[in-house]
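Asker: This structure is in structure tokens; I'll ask about it shortly.
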Amino acid sequence: MGHKRTNAAIWTWTLFVLVAIYLPIVCGALASFNKSRYFGFPIKTYSTEWWQKTLDSIEIGMIVKTSISIALLVTVFSVVIATFGALAFARYEWKGRKLYQKLILLPIFFPQPVLGLAMLLGFNAVGIQTSWMTAVFAHMIWIVPVVTLVIAIQVYGFDPSLEEAAYDLGCSRTQVFREVTLPLLWPGIWSGMLFAFLLSWSNFPLSLYTTGADSTIPEWLYAKMVAGYTPMVPALGTMATLGAACLLLAGGLIGILLRRRAAA
Amino acid sequence: MLQTSPAAPQSAELPKPILQLVGIRKTFGAFTAVDTIDLDVREGEFLTIVGPSGSGKTTLLRMLAGMDTPSEGNITLHGQLINDVPPNKRPTCLVFQSLALFPHKSVGENIAFPLKVKGVDAAARKARALELMRVVRLPENYFDKNVMKCSGGERQRVALARALAYDPEVLFFDEPLSAIDYKLKKTLEKELKDLHRETGKTFIYITHSLEEAMVMSDRIGVMRAGRIVQIGTPEEIYGAPVDRFVCEFVGEVNTLKVKRGPDGAWQGVDVPGSFTLAPPRDGKTLDEAFVVVRPEFMRILGPGESADNQLEGVVYNEYSLGSRIQYQVRVGAKVMLVELSRGRPLPASADRKVTLGWDAADAFTLES
């Protein structure tokens, strides 16, 4: 009796949360199928016209390319830095480790628009022309700490005697890293990569100040909403969301496959 | 001080030392973990270092394996100084307390790991791994099994096979059997001893359990507070402990404090009466001493029986130890332990009053 009621409460709550999260996304997607140029419900005529226009647009093609380039570079650099950073964070005892653990987290708590503006001023001061490449650097300031934390969780669950055992069994330092450390940290590194890509992909405040003449998807969406709205805005927004969702899904599937193979 | 057993001086038949420790100290800040240890490990012997937790035995082992460097002193292997030789360049291998099996590798991959590192080709690796699996009694079909799905005992065997695959001259063991249930532990102890004999390699084993040490070892070193207080064969450790610590470490014992009376005879301090005792070790003259009597040498005297020393007491508790029964006997304020074989009737009067007795030769007289 009580068990049934608990179950019902859990289902109701879950449903409520799901609706609250997905309703805006669905509305955005619906708006992109509106034949009329202006935003408004109910939708009178549905059309895929704006999706077609979005796909055909050379400008949007460039923006997507910029966003992907930034996100990929941020992913690669962040994961390399964060992997070693996480080992320093969670594995090794060294002087100054406590201070490092706190300092590395600080950028996460700094408001991103302020961080972006500060970086713009910094780039100007040293005479660097801002472009999508400076944005890679700006994103990393915020994303490396997040990825470090994600990978550090994996490092905490790692028995250091495994590395010692490999070293004792004849491995060089490089072999220890390749044969033991890296494979065991891999699940954490994998999550870190997904986080890095998605956080960079959807970042607006840092990009706004640091991409210079280049533009990313969130920047373009914002600019078009401020002036010159067409349903291409929700269309691109929906595509970006779907792209991210596919990446996440693929990432999850690979993770499951890896675990299955390991368990075999 | 390091005590060398009487038989130790280099006689011709004794194998030469493979590992030599001279004045080894290890300090962490103000804390001295290992305090001036001199030790010769003979080639092919099974040496167990036993001591309570915090006695420095793991630190000692880590220095021998190359994972820590001594603060002072020298470690030599075949006469060559190896203080700063890293573990991957030493012909030694450590079996960790956690076993440190690679969770992302199968049983076969774990065992073949040292061979892979050496660059042995895959076919030869597999052949050798299967051979070692036979040696440690693991079924052949375990080769592809996930090592995390193996039972505790099977994991022990995998760890052992992996260490043997490295083909070390000396194998170190850091209490690998501590998490195993009693019955399996007994089996694995015997297997380890068999393996030691079959391989002829030098084994250095550390444990906090003297019982474990007794079963397997050729020699046992007892450690306390960073020092080796006694080293010798299991018989020597059991039969001639150097002090009260070693004595109590061997198992439950009866300890009585005694002092010399005005007439020179030993008088009990916490129980009344005078005692006839064996002379102390090394012919020392003492004014105060401890008498230590093992429960199995303490007797309950029947009518007409007598012993060098006798005490009157009351049996107030008994425990079954399997083949033996332990009686707790209250003598004044002191509780004495007596162990008798099962089936022997307790020669006690109706009110459980008994006479305890032991002979001077069955007890140790130790410095207090």
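This table checks each residue for (1) closer than 22 Å to B:ALA33 by Cα; (2) within 14 Å of chain A (Cβ to nearest Cβ); (3) of a type in the set (Val, Ile, Thr).
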residue: B:MET67; (1), (2), (3): yes, yes, no
residue: B:ASN74; (1), (2), (3): yes, no, no
residue: B:GLN80; (1), (2), (3): no, no, no
residue: B:ASP84; (1), (2), (3): yes, no, no
residue: B:ALA100; (1), (2), (3): no, yes, no
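Yes/no matrix, rows are residues, columns are (1) aliphatic (A, V, I, L, M); (2) in the same structural domain as B:ALA240 (by TED's automatic domain parsing); (3) crowded, with 19+ Cβ neighbours inside 10 Å; (4) within 21 Å of B:LYS259 (Cβ to Cβ):
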site: B:GLY302; (1), (2), (3), (4): no, no, no, no
site: B:ALA307; (1), (2), (3), (4): yes, no, no, no
site: B:GLY313; (1), (2), (3), (4): no, no, yes, no
site: B:GLN326; (1), (2), (3), (4): no, no, no, no
site: B:ALA333; (1), (2), (3), (4): yes, no, no, yes
site: B:ALA348; (1), (2), (3), (4): yes, no, no, no
site: B:ALA360; (1), (2), (3), (4): yes, no, no, yes
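Asker: Quickly run through region A:130-161 and pick out the residues that are within 14 Å of chain B (Cβ to nearest Cβ) and either of a type in the set (D, E, K, R) or surrounded by 22 or more Cβ atoms within 10 Å (Cβ to Cβ) (or both). Let's see the steps before the verdict.
Answerer: Pass one, region A:130-161, residues within 14 Å of chain B (Cβ to nearest Cβ): A:154, A:157-161.
Listed by number, the list holds a single entry, A:ASP159.
Asker: Can you name the residue in region B:110-128 that is within 11 Å of chain A (Cβ to nearest Cβ) and among the basic types (Lys, Arg) and is also farthest from A:VAL180 (Cα to Cα) among such residues?
Answerer: B:LYS118
Asker: If you don't mind, another one. Taking the conditions exactly as written (at pLDDT 85 or above, touching a Ser or Thr at 6+ places or on another chain (Cβ under 9 Å) and farther than 16 Å from A:THR66 by Cα), does A:PRO218 satisfy them or not?
Answerer: Working: at pLDDT 85 or above: yes; touching a Ser or Thr at 6+ places or on another chain (Cβ under 9 Å): yes; farther than 16 Å from A:THR66 by Cα: no.
Spelling it out, it is not the case that A:PRO218 is at pLDDT 85 or above, touching a Ser or Thr at 6+ places or on another chain (Cβ under 9 Å) and farther than 16 Å from A:THR66 by Cα.
Asker: Looking at (1) in a helix (DSSP H, G or I); (2) more than 14 Å from chain B (Cβ to nearest Cβ), can you tell me which one A:ALA166 breaks?
Answerer: Single failed check for A:ALA166: (2).
Asker: Here is a follow-up. Tell me the residue from B:SER274, B:SER323 that is of a type in the set (Ser, Thr, Tyr) and more than 26 Å from B:ASP243 (Cβ to Cβ), please.
Answerer: Working: B:SER274 fails: more than 26 Å from B:ASP243 (Cβ to Cβ).
From the options B:SER274, B:SER323, the qualifying one is B:SER323.
Asker: Please go through region B:61-105 and pick out each residue that is without any contact (Cβ under 8 Å) to a residue 24 or more places away in the chain, over 27 Å from A:THR181 (Cβ atoms) and among the aliphatic types (A, V, I, L, M).
Answerer: B:LEU81
Asker: Which of (1) within 22 Å of B:LEU277 (Cα to Cα); (2) within 31 Å of the chain's Cα centre (by Cα); (3) part of a strand (DSSP E or B) is the odd one out, the single condition B:GLN310 does not satisfy?
Answerer: (2)
Asker: I'd like to know if region B:85-105 contains one or more residues that are part of a loop (DSSP other than H, G, I, E, B) and polar (S, T, N, Q). Talk me through it step by step, then tell me what you get.
Answerer: Step one: of region B:85-105, the residues part of a loop (DSSP other than H, G, I, E, B) are B:85-86, B:90-91, B:96-105.
With the extra rule that they be polar (S, T, N, Q), the set shrinks to B:97-98.
So far as region B:85-105 goes, yes, one or more of its residues are part of a loop (DSSP other than H, G, I, E, B) and polar (S, T, N, Q).
Asker: Which one is farthest from A:SER207 (Cα to Cα), of the residues in region A:61-94 that are in a helix (DSSP H, G or I) and out of contact with any helix residue (DSSP H, G or I) (no Cβ under 7 Å at 6 or more places or on another chain)? Steps first, answer last, please.
Answerer: Taking region A:61-94 as the starting set, the residues that turn out to be in a helix (DSSP H, G or I) are A:61-90.
Checking the rest, the ones that are also out of contact with any helix residue (DSSP H, G or I) (no Cβ under 7 Å at 6 or more places or on another chain) come to A:61-62, A:65, A:68, A:72, A:76, A:80, A:84.
Details: A:GLY61: 18, A:MET62: 15, A:LYS65: 14, A:ILE68: 13, A:LEU72: 15, A:VAL76: 18, A:VAL80: 22, A:PHE84: 26 Å.
It comes out as A:PHE84.
Asker: Considering each residue of region B:129-163, count those that are assigned to a loop (DSSP other than H, G, I, E, B), more than 14 Å from every other protein chain (Cβ to nearest Cβ) and buried (at least 17 other Cβ atoms within 10 Å of the Cβ), and give that number. Reasoning before the result, please.
Answerer: Looking only at region B:129-163, we keep the residues that are assigned to a loop (DSSP other than H, G, I, E, B), and these are B:136-139, B:143-145, B:150-151.
Narrowing further to those that are more than 14 Å from every other protein chain (Cβ to nearest Cβ): B:136-139, B:151.
Okay, now just the ones that are also buried (at least 17 other Cβ atoms within 10 Å of the Cβ), so B:136, B:138.
So the answer is 2.
Asker: Oh, and also: When only residues in region A:221-264 that are out of contact with any Ser or Thr (no Cβ under 7 Å at 6 or more places or on another chain), in a loop (DSSP other than H, G, I, E, B) and away from every other protein chain (no Cβ under 14 Å) count, which is nearest to A:SER47 (Cα to Cα)?
Answerer: A:THR230
Asker: Being of a type outside the set (Val, Ile, Thr), out of contact with any helix residue (DSSP H, G or I) (no Cβ under 7 Å at 6 or more places or on another chain) and without any contact (Cβ under 8 Å) to a residue 60 or more places away in the chain: is that true of A:PHE33 here? I'd like the intermediate steps shown before the answer.
Answerer: Numbers: of a type outside the set (Val, Ile, Thr): yes; out of contact with any helix residue (DSSP H, G or I) (no Cβ under 7 Å at 6 or more places or on another chain): yes; without any contact (Cβ under 8 Å) to a residue 60 or more places away in the chain: no.
Judged against the criteria, A:PHE33 is not a match.
Asker: May I ask you to list the residues in region B:25-38 that are crowded, with 16+ Cβ neighbours inside 10 Å and more than 11 Å from B:LEU60 (Cα to Cα)?
Answerer: Matches in region B:25-38: B:THR32 only.
Asker: Also, quick follow-up: Can you tell me which residues in region B:267-286 are under 20 Å from B:LYS334 (Cβ atoms) and touching a residue at least 24 places away in the same chain (Cβ under 8 Å)?
Answerer: Just the residues of region B:267-286 that are under 20 Å from B:LYS334 (Cβ atoms), to begin with: B:267-277.
Residues satisfying the conditions are B:ASP270, B:VAL271, B:PRO272, B:GLY273, B:PHE275, B:THR276, B:LEU277.
Asker: Please go through (1) crowded, with 18+ Cβ neighbours inside 10 Å; (2) in contact with a Ser or Thr (Cβ under 8 Å, 6 or more places away or on another chain) for B:VAL95 and return the number of the only condition it doesn't satisfy.
Answerer: The one condition B:VAL95 does not meet is (2).
Asker: Considering only residues of region A:103-117 that are at pLDDT 90 or above and buried (at least 16 other Cβ atoms within 10 Å of the Cβ), which is farthest from A:PRO145 (Cα to Cα)?
Answerer: Checking each candidate, the answer is A:LEU117.
Asker: Can you tell which of A:PHE197, A:PHE177 is more than 14 Å from chain B (Cβ to nearest Cβ) and at pLDDT 90 or above? Break it down stepwise before answering.
Answerer: Values: A:PHE177 fails: more than 14 Å from chain B (Cβ to nearest Cβ).
Unique residue meeting the criteria: A:PHE197.
Asker: Take region A:219-235 and flag every residue that is surrounded by fewer than 14 Cβ atoms within 10 Å (Cβ to Cβ) and either on the phi > 0 side of the Ramachandran plot or among the polar types (S, T, N, Q) (or both).
Answerer: Once the filter is applied, which keeps residues that are surrounded by fewer than 14 Cβ atoms within 10 Å (Cβ to Cβ) and either on the phi > 0 side of the Ramachandran plot or among the polar types (S, T, N, Q) (or both), region A:219-235 yields only A:GLY228.
Asker: So, one more: Counting only residues that are of a type in the set (Val, Ile, Thr) and not in a helix (DSSP H, G or I), which one in region B:58-84 is surrounded by the fewest Cβ atoms within 10 Å (Cβ to Cβ)? Lay out the reasoning, then the answer.
Answerer: Of region B:58-84, the ones of a type in the set (Val, Ile, Thr) are B:58-59, B:69, B:75-76, B:82.
Subsequent filtering for residues that are not in a helix (DSSP H, G or I) retains B:69, B:75-76, B:82.
Working: B:THR69: 13, B:ILE75: 22, B:THR76: 15, B:ILE82: 19.
In this case the residue turns out to be B:THR69.
Asker: Test each condition in (1) of a type in the set (A, V, I, L, M); (2) over 23 Å from B:HIS208 (Cα atoms); (3) buried (at least 20 other Cβ atoms within 10 Å of the Cβ) for B:VAL120 and report the one that comes out false.
Answerer: (3)
The values are calculated or read from the model by the stated rules, or taken from the named source; none is laboratory data. Quick caveat: nothing in here was measured; it's all calculated off a predicted structure. All Cβ positions, glycine included, derive from the backbone under ideal geometry; neighbour counts span all protein chains shown.
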